[in-house]
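Encoded as structure tokens, the structure appears first; notes follow it.
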Amino acid sequence: MDPLLIAVIVAVFTLIVLFSGIPIAFGLSFVSIALLVAFEGFQMLDVFAETFYAGLNSFVLLSIPMFILMGMAVANSPAGKDLYTGLDRWLWRVPGGLVISNIGACSVFAALSGSSPATCAAIGTMGIPEMRKRGYSDQIATGTIAAGGTLGVLIPPSIVLIVYGIATGTSIGRLFLCGLVPGFMLAGMFAIWALIHSYFIDKDSAKALKNRTPPTFKEKIEVLPRILPFLAIIAGVLYVLYGGVATPSEASGVGAFLVFVLIAVVYKIYQPKKNMEYS
């Protein structure tokens with residue numbers, strides 16, 4: 001059969017399956033298997049199985065669930081709320097401080113999980129209700145979460161960069177280095193935009209800042225012991241990755257283990273004093 005005709009058939013069937021609404025992974029798998037069998041016969045199933053196994057038989061892929069596990073552990077523990085609360089308390093004087101807190105929390109969470117959807121889900125669950133409660137508009141609340149969520153693609157350990165490095169044979173450490181500066185630069189630009197927008201354009205933000213009760217110095221300090229250890233883990237993971245101390249798989253495994261240990265230890269210490277807050 002003409003290769004051009006085969007390409008057209010593959011494209012048409014792929015679009016039909018994708019527009020049917022089934023998950024992309026299952027849709028592409030169905031199209032590839034069905035067309036391989038249709039064009040080459042059932043003997044291609046053996047080749048498909050070997051190719052599929054060879055693609056997954058990579059130790060580096062282990063880092064993906066480990067990094068996601070790090071992020072989900074923080075998001076589903078009081079640490080996620082404390083991270084957001086700490087940024088909010090220290091940035092409350094800045095115009096649009098809560099907006100900048102969203103961007104900062106997204107940046108930190110992206111460095112924990114490497115996933116944009118996980119970042120949006122984790123920070124959005126806390127950030128959007130808090131901003132609405134303080135009088136911010138729905139547009140600025142949802143817009144900052146959507147923008148901050150994109151940082152998960154750039155800021156290491158980005159899952160997209162891991163998959164790209166495996167597929168192309170590129171050093172994942174070098175890819176992480178390439179994403180580090182643009183990721184934090186983008187976060188900084190988001191924060192600058194939030195400050196300008198809140199100060200000059202969005203009157204609701206200015207009103208929300210005026211009506212807010214300022215946090216005390218004690219409230220600012222008391223949250224630090226519950227968030228600094230997790231920031232230390234992020235710094236440690238990035239150091240061992242860029243310093244050549246460990247591979248991404250090793251760094252992700254140790255990072256996930258330390259996150260679970262910190263959650264157990266830190267909140268074992270602070271839970272008795274925070275029963276009302278976390279109940």
Tilt, helix 97-113 to longest principal axis of the chain (alpha-carbon atoms), in degrees rounded to tens, equals 40
With Cα coordinates, the longest principal axis of the chain makes an angle with the long axis of helix 24-40, in degrees rounded to 10, of 10
Across the chain, qualifying lysine pairs (alpha carbons under 22 Å, at least 8 places apart or different chains) come out at 19
Shape descriptors of the chain over alpha-carbon atoms, Rg and Dmax in angstrom, are 22.6, 75
Ordering 173-184, 102-113 by per-residue average of other C-beta atoms within 10 angstrom, highest first, gives 102-113, 173-184
Summing -39500 (n - 2.57) over every DSSP H run of at least 4 residues in the chain and dividing by its residue count gives a helix-only mean residue ellipticity at 222 nm, to the nearest 500 deg cm²/dmol, of -25000 deg cm²/dmol
Placing each pseudo-label 7 Å from Cα in the direction of the beta carbon, Phe26 and Gln139 end up separated by a distance in nanometres of 3.9
So the angle from the long Cα axis of helix 3-19 to the longest Cα principal axis of the chain, reported in degrees to the nearest 10, equals 40
Note on the range 3-56: alpha-carbon gyration tensor, axes a ≥ b ≥ c; rule is a/c under 1.5 for rounded, else prolate if a/b larger than b/c, else oblate; result oblate
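Every number in this text was worked out from the coordinates using simple rules, so none of it is lab data. The structure displayed is predicted, hence computed values, not measured ones. A quick note on method: Cβ atoms are made from the backbone with ideal geometry, for glycine too, and the neighbour counts reach across all protein chains shown.
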